[in-house]
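Engineer: Can you read through this structure? Questions will come right after.
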Amino acid sequence: MPQARDHQGQCHCGAVRFTAHTDLGSMGDCNCSRCRRLGWVMQSVPASAFTLHRGEDNLTLYHFNTKGIDHLFCKTCGIEAFARGSDGKGNEMVMINVACLNDAPPVDRNAITHWDGANF
Ligand SMILES: [Zn+2]
């Protein structure tokens, strides 16, 4: 397992830029109605391990279903670089879009967690 370290990430146009401190050790995808359309691979980190450097005012919000997750999109390029939510125990979490990391690793879809979001 790689050591946790800082990863820089951004949306496509660069209006939204962030740093996430993570070992990328629990990446996953999800089969809910939204995630399967988006096709993203996520890595969640505690909110304390995430720093948004720019772009907060360039984000637009999408909610669906239980509205428990803030899906945030760059208003300029439409990319969702991260989402905000909670771990169900009251801890604020950020779900990073792994493909938005500047050093995005190759992801073996067979080796990551598959959340059954369609049945949550
Ligand atoms: Zn953008």
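Engineer: Taking every alpha carbon pair in the stretch 29-100, what does the distance histogram look like in 10 angstrom bins from 0, in percent?
Structural biologist: Cα pair-distance distribution for the stretch 29-100, in percent: 19, 57, 24, 0.
Engineer: Length gain on complete extension for the stretch N102 to H53, per 0.36 nm per residue less the alpha carbon to alpha carbon distance?
Structural biologist: Gain in length upon complete extension: 16.2 nm.
Engineer: Using the heavy atoms of the protein chains and a 1.4 angstrom probe, tell me the accessible area per residue for the stretch 1-61 in square angstrom.
Structural biologist: 54 Å²
Engineer: If you don't mind, there's one more thing I want to ask. What is the log10 of I(q)/I(0) for the chain, computed with the Debye formula using one identical point scatterer on each Cα and no solvent, at q = 0.10, 0.12, 0.22 Å⁻¹?
Structural biologist: Listed by q, the Debye log ratios stand at -0.27, -0.40, -1.47.
Engineer: Please compute the per residue accessible area over the stretch 74-120 with all protein chains in place, 1.4 Å probe, rounded to a whole number of Å².
Structural biologist: Per residue, the stretch 74-120 has an accessible area of 60 Å².
Engineer: Farthest toward the dipole's positive end in the stretch 47-115, which of N102, F50, T60, given Cβ charges of +1 (Lys, Arg) and -1 (Asp, Glu) about the Cα centre?
Structural biologist: T60
Engineer: Moving to a separate point now. Report the relative contact order of the chain, percent, no decimals, based on alpha-carbon pairs under 8 angstrom and at least 6 residues apart.
Structural biologist: Reported as a whole number, the value is 30 percent.
Engineer: While we're on this one: Return the long-range amide H neighbours of C30 (sequence gap of 5 or more, or a different chain), with a cut-off of under 5 Å between placed amide H atoms.
Structural biologist: Here the answer is W115, since their amide H atoms fall under 5 Å of that of C30.
Engineer: Can you compute the charge dipole magnitude of the chain about its Cα centre, using +1 on each Lys and Arg Cβ and -1 on each Asp and Glu Cβ, nothing else charged? Give it in debye, rounded to the nearest 20.
Structural biologist: It works out to roughly 280 debye.
Engineer: Rounded to the nearest percent, how much of the accessible area of the chain (1.4 Å probe, protein heavy atoms only) is carbon and sulfur?
Structural biologist: For the chain, the apolar C and S fraction of the accessible surface comes to 49 percent.
Engineer: Quick check: with the 1.4 Å probe, what order do R34, R109 take by accessible area, largest first?
Structural biologist: In descending accessible area the options line up as R109, R34.
The values are calculated or read from the model by the stated rules, or taken from the named source; none is laboratory data. Computed from a predicted model, the values in this text were never measured in an experiment. Counting neighbours? That spans all protein chains shown, and the Cβs are built from the backbone with ideal geometry, glycine included. With ligands, DNA and RNA removed, areas are computed over all heavy atoms of the protein, side chains included. Shrake-Rupley method; radii C 1.70, N 1.55, O 1.52, S 1.80 Å.
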